[in-house]
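For reference, the structure discussed in these notes is given below.
The values are calculated or read from the model by the stated rules, or taken from the named source; none is laboratory data. Model, not experiment: these values are computed from the prediction. Here the Cβ is made from the backbone with ideal geometry for all residues, glycine too, and neighbour counts use every protein chain on show.
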Amino acid sequence: MAVHRWKLGALLCAVLATAAVASTAAASHSSSTPGVSKKQIVIGGTFPFTGPASLYKTIPAAEQAYYAYVNARGGVFHRKIKDIALDDQYDPSQTVPQTQKLVEQDHVFAVVGSLGTAPILSTWGYLNQRKIPQVLVATGDAFWGNCVHHACDGSTKPWTLGWQPTYPGEAKIYAQYILANKASAKIGVIYQNDAYGKNYLAGLKTGLGSHANQIVDTESYNVGDSAQVIAAHIVALRAHGADTLAIFATPTPTIQSLVAKTLIGWNPLTFVNNVSANRLFELAAASNGADLDGIISTAYLASPTTQANLPGMKLAKSIIHKYAPALDQSLAEGDGNIIYGLAVGWTFVDGLQHAGKNLTRPGLMKALRTMNETKNPFVYPGMSVQTSKKRTFPMEQLKLEKWSGGKTGDWHAFGKIYNGIH
Amino acid sequence: MRQRLPAIVSLLVVGGALAGLPFTLSGYHVGLAAQVGIFFVAVLGLNILTGYTGQISIGHGAFMAIGGYTTAVMSQDHHTNLVLTMLMAFAICFVVGLLVGLPALRLSGVYLALATFALAVSVPQLPLKWSKFLGGRDGVQTSKTVSHLWLYGAAWTASAILFVLAWLILRGRVGRAFRAVRDSEIAAVASGIELPVYKTLAFGISAAYAGVAGSLFVLATNGFAEPSEFGVVLSLQILVGAAVAGLGSLWGVLAGAAFVGLLPAVSSSVPVIGSDHGRDVVFGSAVVLVMLLLPDGFAGLFARVRRFARA
C-alpha cells in the first residue's frame, strides 16, 4: 500500500503544480481601453516559432528588439510597449486559442503583425466582431485591403490592415518586365496550390493582358511536397518549351526549384517572388548547387548588405546588436526578414504617436488608416508607407532587383520605383 | 440499485459542476473548458474502438476532419443550422467509419495502426485536391460563428448524450461482443459472435463520435476549417488522451480529455528554459510522467482509489 500512496502523492504534486500555473492571475487593467495603462501598452501577435514556416521567426524577434529600443528611449507618451509573441506553428487551430488568450487573458490593446494567410483568416472574424485592431498583418494577400475572399461577403474588415505590397501587384511588375524585355517569352509558372500562389498567378495573367497565352504551362505544388515533386514540376515546365520561369513559392520550394533547374541544365529567365528573395535563402540554394546569376525579384525594404551605409541600416545593426544579439549573424548575412520586423515596428510606433496621448482602439485604426510615412528608415530609400480612405494597402511601391555575384553574390536593385501596386 | 448508486451520485456531481462552471469562469476559461468537452467526445469514441474492441487507430484526426468539413461546408454553402450539421457529421462519419472498418477485418495490431495512420495523413490532403468544393488552403468558413458559452453548452451537451449512448451500447449485448473480440477473437467467434459485424460496427460508432468532435473543433476555430488544423498530431493527441484516460473505462475519459485539452494551453505559459519548443517539452514529459505513475491511466487510478476506500 505504501508504494501506492507514494504514487498518489507524486500525482497530487503534479496536479497542484499544474493548477498553480493555470491560476496565475490575469493582468489587471485600470484604464477604460484594454491593454493601455499610464505606463504600458500591451500588444501581442502569433507567429510560427516552430513548425513548417519557422524560417520567419526572426520577424517577431526583430519587432520586439525595436520596441525594446523605443522603450529604452522613453516609450511612446511615457508608455512602454510590451509585446507578447505566441507560437501558433502556422496552424489556424492554434492561432485561434492563442489569439483568444491574447485578447481574453492578456487583455492586449491590439494584435500586431500576426503572420500567415490562414492564421489571419481564422481570427479576423473574431477580432473584428470585438473591434480589436488586427494590424500590420504579415501576409501580402489582397484580402486585407480589398476583400474578395468569400469569408467577408464582399465587405472589408475595418479592424484588419496589412502592410506589405500585395502579391498580385508584385506579379504584374514581372509581367511588365517580360513584355518590355522579352516580348516573345514562353512562360512557365510553378506556384503554390493555395490563395498565395493563385494570387500571384492571377496577377501575372492580368499584367500580361492579351499576352497571357504566352504562358505555356503552369504547375502547382502543395505545401509540404518533397524536393523530388518540385523537381518533376520544373522538368515538366522545361518540356513544355518554356524559356522563362516564374517561381511563386515559399522559401523552401523556391530553393528546391532553383537547384532543380540548374541540375537539369536549364537556364531560363527566372523570376523569384519577393517573399523568397531573402539573401539567406539564395545562399542556401547556391550552396546546394543552384546557379543564381541573373534571376529577378522585387524589393521594398532597404538591404542590410548592399546598402549597409544607409543611416537606417546602421540603426538596424545597432538595435539588433543591443536588443537581439542572437540575430547579429543572420542580419550580417542579409536576412531581410529582420529589416521587415524593424520596419513594421517603426510603422506601429508611428501609428501610436499619431493616435495621440489619449490612446484608444478607434484612434489607433484612424492613425494607421491615414499614414504618411516618408521617413521609415528601414524601407527602400525613396519609398513611403501611406494609407488613406482610397488607399488600403500601406506599402504600394516596389523596385526590381537582380542577383549577381554567384555563390557569394547578392541582390542588386535596378530600374525605377513602381508606384501604385495593388 | 445499490451498486449503481455511487455511479449515479458521481454523475450528478460531475454534471452539476459542469453546469455551474460557466458562471464562475472567465470567457477564456469557458473556451478552454469547451475544448476539453470536444476532446471528451473524441477520446470517448476512440475508447469504444481501442479500449473496448481492441482495435488500434492512429487515424481519428481524419474522421474529425470529415466531421469538421461537413459542418463548415454545409454552413457556408447552405447556411444549415450548426446543430444539424453535427448530426450530419455523426451520420457521415458513421458510414465512412464502417467502410474504413472493412480493412480492419484483415489487419490487426500494428498493421491496422499503420493503415489508420495512412488515413490520418491522406484525408487532410483531400481539400487541396478538390479545392473548389473544399476551399483548399484558403479554408472554409461557416456562415455563423459561436460564442464561448454556446460552444461550451454544445460540447458538453454532446458529451453527455454521447456518454449515455456509449454506456447503453457497452452495457448490453453489443458491449459484451466488443469485449469478447478484444479479449480473444477466436474465442469470440467460437461463441457465435460475427467478427465482421462487430469490428466494422465499432469502427463506425467510434468514427461517428470523432465526427461530432471534429464538427465542434471547427466551431472552436471560429468556424474556419483548413487542412493544417487536422494534422497527424491531432490523431496522436486523441490517442494520448485515450491512453491517459485508461483503455476500457468510461470514467477516465474526463481526465484524459482534460489532459490533452488543457495541457497545451497551460504549458505554453510555462517559461521552459527559454526554448521555442517549451510547450512540446512540457507536454511530452507530462505524458511520460503519467504513463510511469499510472500505467492503466486515470481509470486505473479510480479503480485503485475505490479498492482503497473499501479496504
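Side notes on the structure shown:
- Checked against the criterion of being within 11 Å of chain B (Cβ to nearest Cβ), of a type outside the set (D, E, K, R) and either crowded, with 24+ Cβ neighbours inside 10 Å or out of contact with any Lys or Arg (no Cβ under 7 Å at 6 or more places or on another chain) (or both), the candidates A:99, A:58 yield just one match: A:99.
- When A:182, A:261, A:205 are checked against the criterion of being of a type outside the set (Gly, Ala, Ser), more than 14 Å from chain B (Cβ to nearest Cβ) and surrounded by fewer than 18 Cβ atoms within 10 Å (Cβ to Cβ), A:182 stands alone in meeting it.
- Any hit, the range B:182-195, residues being farther than 22 Å from residue B:33 by Cβ and crowded, with 24+ Cβ neighbours inside 10 Å: no
- Among the residues of the range A:76-84, none qualifies, meaning not one is over 18 Å from residue A:132 (Cβ atoms) and facing chain B (nearest Cβ under 8 Å).
- Pairing residues of the range B:228-242 that are facing chain A (nearest Cβ under 9 Å) with residues that are of a type in the set (Phe, Trp, Tyr), at Cβ distances under 8 Å and at least 6 apart in sequence or on separate chains, gives B:228/A:90; B:229/B:217.
- Of the helices (runs of 4 or more DSSP H) that lie entirely inside the range B:122-181, those containing 2 or more residues that are polar (S, T, N, Q) span B:148-171.
This table checks each residue for (1) touching a helix residue (DSSP H, G or I) at 6+ places or on another chain (Cβ under 7 Å); (2) touching a residue at least 40 places away in the same chain (Cβ under 8 Å).
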position	(1), (2)
B:71	yes, yes
B:77	no, no
B:87	no, no
B:91	no, yes
B:94	yes, yes
B:101	yes, yes
B:112	yes, yes
B:118	no, yes
B:127	yes, yes
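- Condition met for residue A:254 (in a helix (DSSP H, G or I) and either crowded, with 19+ Cβ neighbours inside 10 Å or touching a Leu at 6+ places or on another chain (Cβ under 6 Å) (or both)): yes
- Looking only at residues in the range B:129-143 that are free of Cβ contacts under 8 Å to residues at least 24 places away in the same chain and more than 10 Å from chain A (Cβ to nearest Cβ), the one that is surrounded by the most Cβ atoms within 10 Å (Cβ to Cβ) is B:130.
- Matching residues, the range A:262-276, being more than 12 Å from the chain's Cα centre (by Cα) and either in a loop (DSSP other than H, G, I, E, B) or of a type in the set (S, T, N, Q) (or both): A:262, A:264, A:265, A:266, A:267, A:268, A:270, A:273
- Set side by side, the residues B:73, B:14, B:43 differ, and just one is away from chain A (no Cβ under 14 Å) and either surrounded by fewer than 23 Cβ atoms within 10 Å (Cβ to Cβ) or farther than 25 Å from residue B:298 by Cα (or both), which is B:14.
- The set of residues from the range A:382-407 being out of contact with any helix residue (DSSP H, G or I) (no Cβ under 8 Å at 6 or more places or on another chain) and either modelled with pLDDT of 90 or more or in a strand (DSSP E or B) (or both) comprises A:382, A:383, A:384, A:386, A:395, A:397, A:399, A:401, A:402, A:404, A:405.
- Filtered residue count, the range A:205-242, keeping only those that are of a type in the set (Val, Ile, Thr) and either at positive phi or in a helix (DSSP H, G or I) (or both): 5
- Considering the conditions (1) touching a residue at least 60 places away in the same chain (Cβ under 8 Å); (2) not in a helix (DSSP H, G or I), residue A:375 is excluded by exactly one of them, (1).
- With respect to (1) within 14 Å of chain A (Cβ to nearest Cβ); (2) buried (at least 18 other Cβ atoms within 10 Å of the Cβ); (3) modelled with pLDDT under 90, the lone exception for residue B:152 is condition (3).
- Applying a threshold of 6 Å to beta carbon distances and a minimum spacing of six or more residues, or different chains, the list of pairs starting in the range A:279-306 at a residue that is crowded, with 22+ Cβ neighbours inside 10 Å and ending at one that is part of a helix (DSSP H, G or I) and among the basic types (Lys, Arg) reads A:286/A:407.
- Of all residues in the range B:226-255, those satisfying the criterion of being surrounded by fewer than 24 Cβ atoms within 10 Å (Cβ to Cβ) and not in a helix (DSSP H, G or I) are B:231, B:247, B:248, B:249, B:250, B:251.
- Residue list for the range A:115-125, restricted to those being buried (at least 24 other Cβ atoms within 10 Å of the Cβ), closer than 12 Å to residue A:91 by Cα and more than 8 Å from chain B (Cβ to nearest Cβ): A:116, A:119, A:120
- Counting the residues of the range B:200-225 that are buried (at least 24 other Cβ atoms within 10 Å of the Cβ) and more than 13 Å from every other protein chain (Cβ to nearest Cβ) gives 11.
- When every residue of the range A:305-312 is checked against the conditions, at least one turns out to be in contact with a Pro (Cβ under 7 Å, 6 or more places away or on another chain) and assigned to a helix (DSSP H, G or I).
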